[in-house]
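> Before we start, here is the structure in question, set down as structure tokens.
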Amino acid sequence: MSKRVRVVVFLKPGVLDAQGQAVETGLRALGLEASEVRVGKAFELAVPEEGWRERVREMCDRFLTNPLVEEYEVLGEVGR
Amino acid sequence: MSFEPRFGVVVFPGSNCDRDCLYVLQDVLGYAAEFVWHEAQDLSRFDVVVLPGGFSYGDYLRAGAVAATSPVVAALRRFAAAGGLVLGICNGFQVLVECGLLPGALVRNHSGVFRCQWVHLRVERTDTPFTRLYAPGEVVRMPIAHGEGRYYAPTEVLADLEARRQVVFRYVDGHGQPTAEANPNGSCNAVAGVVSATGNVLGLMPHPERCAEATLGGEDGRRLFEGAALWVRERPHLRAEAVG
């Protein structure tokens, strides 16, 4: 059995998010008030069910993210 | 008996400065150089391995991240551990930080846009194999072309890097001052190039291969390759000892 998982990645708060700032500027230009905008990315993947959280964490730590500049959150089952 | 350095230029899917590097090494400088495919598992026939610029794997995931998982990078670790010279230019620098051969990370430019321009660099060290033909504190001109070239490292890593004198090139103005305006991407401490603690692995965002001939607007990059070749020529014994 495999488990479908979603991983969300953002730059760490201390790292300048140039994309987030640009998006915030765009929103303001449209008259849509927003602050603290951050742009991240998401992964969806199916992994073997046994020990799935540890498997996904290892993927995040070793490849999917750069732990020096990014932080991630593993979201459990995602439907399709 | 002549002893000529042998250069390898790694080709990843999406490399686009590989031919420029080979051209400079072979045609401009007259060295023995050849392409190495990213699936190669043995680099032991080379003295210097160049990771060229480009957009390996379309910069997917993070620039250099997918290339860092290539078979040739596993071979590169052994090559570097044995003392071989490694030069990562632009995307090649990104591969070196992603695979952990150099510290830090290269993130999106603070301006949010791709920067393609000439910059001034101050040579911070001349006791590395690559920078020995420059003068201490010399200000040189090289072109950059990148969207993800902002050198970033946490404060303690940066302090460590400076204490060990691993910053080799810094973005400066024409007078050698590291002003905010002279920093094209917002790099921490204006870092443009970093060398490993062992001194044999250098990564830099500027393109020395694009300024190795006067007709291209400058020759300041040329001495980087010449310095490496000279270093190799002076150490013929290292080739016999090299493994892997």
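Only the coordinates and a few stated rules stand behind these numbers; no lab work does. Here the structure is a predicted model, which means the values were calculated and not measured. For neighbour counting, all protein chains shown are included, and Cβ atoms are generated from backbone atoms with ideal geometry for every residue, glycine included.
> In percent, how large is the relative contact order of chain B, given Cα pairs closer than 8 Å and 6 or more residues apart?
With pairs under 8 Å counted, the relative contact order is 21 percent.
> Using only atoms on other chains, find how many Cβ atoms lie within 10 Å of each Cβ of peptide A:66-73 and report the average.
4
> Further question on the same structure: On a 0 to 90 degree scale, rounded to 10, what angle separates helix A:18-29 from the longest Cα axis of chain A?
50 degrees
> Right, next: For the range A:2-77, take N as its residue count and report Rg(C-alpha) divided by 2.2 N^0.38 Å.
So the range A:2-77 has a normalised radius of gyration of 1.34.
> Which whole number gives the average count of other chain Cβ atoms within 10 Å of the Cβ atoms across peptide B:60-66?
3
> Sum -39500 (n - 2.57) across every DSSP H segment of at least 4 residues in chain B, then divide by the residue count to get the 222 nm mean residue ellipticity, nearest 500.
Helices in chain B give a 222 nm mean residue ellipticity of -6000 deg cm²/dmol.
> Got a sec? Charge dipole of the protein assembly as shown, +1 on Cβ for Lys and Arg, -1 for Asp and Glu; which of B:A32, B:L158, A:A29 is way out at the positive end?
Final value for the positive-end residue is B:A32.
> Right, next: Filter the GluC sites (Glu not before Pro) in chain A down to the DSSP loop ones having no more than 13 other Cβ atoms within 10 Å, then list what survives.
Values: sites: A:E24, A:E33, A:E36, A:E44, A:E49, A:E50, A:E54, A:E58, A:E70, A:E71, A:E73, A:E77; in loops: A:E33, A:E36, A:E49, A:E50.
Of the GluC sites (Glu not before Pro), the ones in loops of chain A whose Cβ has at most 13 other Cβ atoms within 10 Å are A:E33, A:E36, A:E49, A:E50.
> Express in whole angstrom the spacing between the alpha-carbon centres of the range B:39-71 and the range B:2-36.
Here the answer is 14 Å between Cα centres.
> Is the shape of the protein assembly as shown rounded, prolate or oblate, going by the alpha carbon gyration tensor and its root eigenvalues a ≥ b ≥ c, with a/c under 1.5 for rounded and a/b larger than b/c for prolate?
Cα axes put the protein assembly as shown in the oblate bin.
> Placing +1 at every Lys and Arg Cβ and -1 at every Asp and Glu Cβ, with all other atoms neutral, what dipole size does chain B have around its Cα centre, in debye to the nearest 20?
Once rounded to the nearest 20, the dipole reads 240 debye.
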